[in-house]
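Nothing in this text is a laboratory measurement; each read-out follows from the coordinates by a stated rule. Keep in mind that this is a model prediction, so the values were computed, not measured. FYI the Cβ positions are ideal-geometry reconstructions off the backbone, even for glycines, and counts take in every protein chain you see.
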């Protein structure tokens with residue numbers, strides 16, 4: 001999966017509740033930077049406003065990282081809407097996650113949001129040349 005497609009999935013998902021706010025758009029920009037896209041490319045993808053469901057990654061690692069980014073996108077505004085959860089569950093199923101695992105993830109996400117914990121951040125340590133996965137978060 002290429003980087004632009006990856007970011008398009010997040011833009012598509014941000015529109016799932018028909019109310020992408022600026023904090024979600026900023027999060028998407030941060031992911032775009034993390035995966036190595038230029039600012040103009042990121043803006044183009046955000047402005048393209050995809051209303052179609054993009055192809056999902058085939059790689060197990062990319063599927064995991066994508067779902068983690070979707071969860072962070074949900075949490076970035078410190079709220080979980082019913083529509084976001086429905087869409088995230090659909091994507092999780094398409095990504096191959098077991099429904100019992102997804103149930104537990106959302107249980108924990110609700111708890112985190114109640115406690116005021118928004119993002120699952122890792123320190124930015126720069127790219128790892130030995131790990132070819134271009135999504136930065138786990139390099």
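Worth a mention:
- Exposure proxy ranking for 72, 43, 103, based on other Cβ atoms within 10 angstrom of each Cβ and starting from the fewest, stands as 103, 43, 72.
- Distance from the stretch 68-102 to the stretch 4-30 (C-alpha centre basis), Å: 13
- The label point for residue 48 and the one for residue 107, both projected 7 Å from the Cα toward the Cβ, are 3.8 nm apart.
- Mean sequence separation of contacting Cα pairs (under 8 Å, at least six apart), scaled by the length of the stretch 3-114, corresponds to a relative contact order of 32 percent.
- By the count of neighbouring beta-carbon atoms within 10 Å, fewest first, 73, 56 end up ordered 56, 73.
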